[in-house]
Structures are given as C-alpha cells and as structure tokens.
Amino acid sequence: MENRVHKSQRISYLQSATIVVGIGTLIAALALGYLVGTWSRQNEGLRGLPGITLASPSISNAGVLVTSVQSASEADSLGIEAGDFILAVDQAKVDTPIQVNQLVENSNRSNLILTVRHGEQTKNVALHRQAQTRQ
C-alpha cells in the first residue's frame with residue numbers, strides 16, 4: 001500500500017511539473033508573439049522608403065531609428081546608414097515608423113526632404129519618388 005502511495009505521489013508531481021512547464025512555455029510563446037507582432041507592425045507597409053527598415057527607439061523624441069539599409073537602394077545612395085535617426089519628413093517631426101510611412105504615403109510631392117541625424121551631425125536629404133496617383 002505504501003509503495004502505491006509513493007508511486008501515486010510521483011505521478012502527481014510529474015503531472016504538476018508538466019502543467020507548470022506547459023504554462024511557462026505558453027507564456028513565453030505569447031510574449032514572443034507580442035514582441036514580434038509589435039516589431040512587424042512598426043515596420044509593415046514602409047513602401048514609401050524602399051530598402052530601409054525602421055524602429056522606434058527607446059528614447060523618446062529621438063526620431064525614428066534606421067535599423068538597416070539595403071545596399072544600392074536610394075537610401076544607401078543618399079548616405080543614410082543603419083544607426084541614423086530620421087527626425088522629420090518635410091519638416092514634420094516623427095517618432096514612429098508608422099508616422100514616417102503615413103507622411104511619405106500621404107504626400108503628393110515627388111521630392112520629400114528627410115531630416116536625418118548621423119552621429120552628431122544633422123542633414124537634410126531629398127528622397128525622390130515617382131508621383132503617386134490616388135484612387
């Protein structure tokens with residue numbers, strides 16, 4: 001009888017441990033999904049700035065962080081580099097990649113001026129794009 005009780009307790013402990021590990025895995029998966037989803041939403045639809053990916057920095061009012069620049073893209077030819085910050089699009093201050101995208105997508109201008117901070121220097125660069133027709 002005593003051997004059965006110990007065996008029963010061991011099974012109960014194993015079941016409890018399995019449940020705890022399962023819950024921990026679920027929580028980790030949900031957290032990772034949230035982070036990936038947040039990053040994807042920040043970078044989705046940046047059609048107006050091809051060849052460049054952006055992220056919101058942890059410092060507020062710092063602009064939008066350039067996380068990568070595709071070689072031979074227009075951003076590359078303009079001298080924009082990973083680690084730079086886009087501070088404004090046509091003098092409108094930006095803090096998120098979504099704001100950059102909205103300003104670029106909603107502009108009817110073929111030339112947009114990006115204010116970019118590279119290290120301690122701030123410069124304005126002209127982004128040339130083909131005129132977009134609205135439907």
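The values are calculated or read from the model by the stated rules, or taken from the named source; none is laboratory data. Fair warning: this is a prediction, and the values are worked out from it, not measured in the lab. Neighbour counts are summed over all protein chains in view; Cβ atoms, including those assigned to glycine, are modelled from backbone coordinates with ideal geometry.
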Report summary line: Those residues of segment 76-110 that are in contact with an Asp or Glu (Cβ under 8 Å, 6 or more places away or on another chain) and in a loop (DSSP other than H, G, I, E, B) come to a total of 2
**Report entry** Residue tally, condition over 16 Å from the mean Cα position of the chain (by Cα) and surrounded by fewer than 17 Cβ atoms within 10 Å (Cβ to Cβ), over segment 82-104
**Finding:** 4
Requested in this report: Go through (1) at pLDDT below 75; (2) on the phi < 0 side of the Ramachandran plot; (3) part of a loop (DSSP other than H, G, I, E, B); (4) surrounded by 10 or more Cβ atoms within 10 Å (Cβ to Cβ) and name the single condition Ser60 misses.
Outcome: (4)
Query - Residues located in segment 77-131, provided they are among the hydrophobic types (A, V, I, L, M, F, W, C), farther than 19 Å from Ser58 by Cα, at pLDDT below 90 and touching a helix residue (DSSP H, G or I) at 6+ places or on another chain (Cβ under 8 Å) - result: Leu112, Leu127
